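Inspection log for the structure reproduced underneath, given as structure tokens.
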Amino acid sequence: MLKKFMLVLVFSLGLVGAARAELKVDIIAGATEPISIAVQKIETVGNVSARDAEMIRDVVDADLKSTGLFRIVLRDALPEFVEMGKMPDFVLWNAVRAQVLVQAKLSAESGGRYNLEFYVWDVNGKEQIEAQSLVASKKSVRRLAHIMADAIYERLTGEVGYFDTQIVFIAETGPVDKRIKRMAIMDQDGYGLRYLSDEDTFVMSPHFSPNMQTIVFLSFRDDDPMVWTLDLDTGEQRRLGQFGGMNFAPRFSPDGTKIALSLVKDGITHIYEYDIESKKLRQLTFGYSLNTSPSYSPDGKKMAFNSDRSGNQQIYVLDLESGDVERITYGAGRYATPAWSPDGKFIAFTKIADDTFYIGIMDPRGRNEKILAGGWYMEAPSWAPGSRRVVYYETEKALDDIERISHIRSVDITGQNVYEIELPDGVNGVEPTWSPRLP
């Protein structure tokens, strides 16, 4: 079940100086010098767990470091401890080449809550550039850390943060010929993994609703491949409908009122749109080709999908108002699994060429193709909030045809800063989908 989280933003930017626009990392470049950032020990006030305070610091460090955009100053190199409310000695911090200093204080409040205050300093500009205070349940202390990291990231990059998010995926365990596939969810850094389905039901293709309330997925319950939904609050599962054929590859519309899916009828696979309120099904593609992997544009007006109507697998864009279809990929190889970025500027895809799989991005017209990763087998790109990173899975080639290991990784749109999400021993991760920012 999805835990409810209460967050109160007490103040923000209240003490920001005039140098706000001066310190910012350029994340457009393919290779950039990381910003050097020092996160000092967190002050504690009242009945505060020292372990919680240290954990917040560790999580913030790990979140920022994982982007490849920040260099964390070693804790042994920190020159002084600066109490909240006091000015740092910027000469000392310059001496250890810290460009950014982060101070924080964790206080216990009534009702089992924490108050996390933090300041961000531009060392060279000798100015405070961020100040926030967050209040939440003590049980949500790890989320406080991710939200703090998001605020620092957003201030220094100008982009939407993605640390306070989750990833739903298919966790595979057991030998290759007897794989158990369970739907699982975890924080974007791999923490708090828990299973959402049992070992007896084969599941695939999980995707979040825009409001994080529901997951839609394919289930082979009773050997009948059909689309189901899972309510993350109640745990209730519901079959989407009786459509008279195998249905798969479900995706929510941006407003959460519809679900696109592929449906096989009379041996032909087409894309349909299911209206959740009216329970009506509308056919979107036609002809005798295979059409699947629908992905809505952020405004809900268009849909990318892959089809073999041209003779081999390519990506097309459907105008949902006019019904017009345009092919957008013409490169060598086959293209599949399109995923529209939240900002609408890119479509991520899987490409298969010369016996190699690739994860790439292009603009919505199919131009400016850029390959981000390549390997023996990789698939299922999904976007982080902010459209800066793509998560996907990669499977290693099994040398002995017995052991086959799959990893969940993310990469930014420059093709740099590949980050692997650590999974428990014996767990392989496939088909990851990144959530929106948590409510």
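The values are calculated or read from the model by the stated rules, or taken from the named source; none is laboratory data. Bear in mind the structure is a predicted one, so any value in this text is a computation, not a measurement. When we count neighbours, we look across all protein chains shown, and the Cβ atoms used for this are built from the backbone with ideal geometry, even at glycine.
Structure data summary
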{"quantity": "Elements of type strands (runs of 3 or more DSSP E) in the range 151-266, at least 2 residues being among the hydroxyl-bearing types (Ser, Thr, Tyr)", "calculated": "214-219"}
{"quantity": "Filtered residues of the range 368-382 (kept if closer than 22 Å to Ala332 by Cβ and either part of a strand (DSSP E or B) or of a type in the set (Ser, Thr, Tyr) (or both))", "calculated": "Lys370, Ile371, Leu372, Ala373, Gly374, Gly375, Tyr377, Met378, Glu379, Ala380, Pro381"}
{"quantity": "Considering residues of the range 328-351 that are among the hydrophobic types (A, V, I, L, M, F, W, C) and not in a loop (DSSP other than H, G, I, E, B) only, the residue surrounded by the fewest Cβ atoms within 10 Å (Cβ to Cβ)", "calculated": "Ala336"}
{"quantity": "Any chance Tyr393 is buried (at least 21 other Cβ atoms within 10 Å of the Cβ), touching a residue at least 40 places away in the same chain (Cβ under 8 Å), closer than 25 Å to Phe163 by Cα and hydroxyl-bearing (Ser, Thr, Tyr)", "calculated": "yes"}
{"quantity": "When residues of the range 152-182 are limited to those that are small (Gly, Ala, Ser) and either surrounded by fewer than 19 Cβ atoms within 10 Å (Cβ to Cβ) or over 17 Å from the mean Cα position of the chain (by Cα) (or both), the one farthest from Gln103 (Cα to Cα)", "calculated": "Gly174"}
{"quantity": "Answer residue from the range 383-439, given it is part of a loop (DSSP other than H, G, I, E, B) and basic (Lys, Arg) and is nearest to Gly174 (Cα to Cα) among those", "calculated": "Arg404"}
{"quantity": "Ile56 vs. criteria part of a strand (DSSP E or B), modelled with pLDDT of 95 or more and outside the structural domain of Ser387 (by TED's automatic domain parsing)", "calculated": "no"}
{"quantity": "Any hit, the range 269-277, residues being surrounded by fewer than 17 Cβ atoms within 10 Å (Cβ to Cβ) and under 23 Å from Val216 (Cα atoms)", "calculated": "yes"}
{"quantity": "Failed criterion for Val91 (all others in (1) among the aliphatic types (A, V, I, L, M); (2) more than 30 Å from Ser406 (Cβ to Cβ); (3) buried (at least 18 other Cβ atoms within 10 Å of the Cβ) hold)", "calculated": "(3)"}
{"quantity": "Residue match in the range 360-369 (condition: within 17 Å of Thr285 (Cβ to Cβ), in the same structural domain as Ala249 (by TED's automatic domain parsing) and surrounded by fewer than 17 Cβ atoms within 10 Å (Cβ to Cβ))", "calculated": "no"}
{"quantity": "Selection from the range 267-302 of residues that are in contact with a His (Cβ under 6 Å, 6 or more places away or on another chain) and assigned to a loop (DSSP other than H, G, I, E, B)", "calculated": "Thr285"}
{"quantity": "Candidates Ile413, Ile371 - the one that is more than 17 Å from Asp189 (Cα to Cα) and free of Cβ contacts under 8 Å to residues at least 60 places away in the same chain", "calculated": "Ile371"}
{"quantity": "Qualifying position, being free of Cβ contacts under 8 Å to residues at least 40 places away in the same chain and either under 24 Å from Gly244 (Cα atoms) or surrounded by 16 or more Cβ atoms within 10 Å (Cβ to Cβ) (or both), among Asp319, Asp324, Asp308", "calculated": "Asp308"}
{"quantity": "Residue list for the range 196-226, restricted to those being aromatic (Phe, Trp, Tyr) and under 18 Å from the mean Cα position of the chain (by Cα)", "calculated": "Phe208, Phe217"}
{"quantity": "Of all residues making up the range 292-306, the number that are touching a Phe, Trp or Tyr at 6+ places or on another chain (Cβ under 8 Å) and either basic (Lys, Arg) or more than 14 Å from Tyr272 (Cα to Cα) (or both)", "calculated": "3"}
{"quantity": "Among the candidates Ala249, Ala260, residue that is crowded, with 19+ Cβ neighbours inside 10 Å, at pLDDT below 95 and assigned by TED's automatic domain parsing to the domain that holds Asn291", "calculated": "Ala249"}
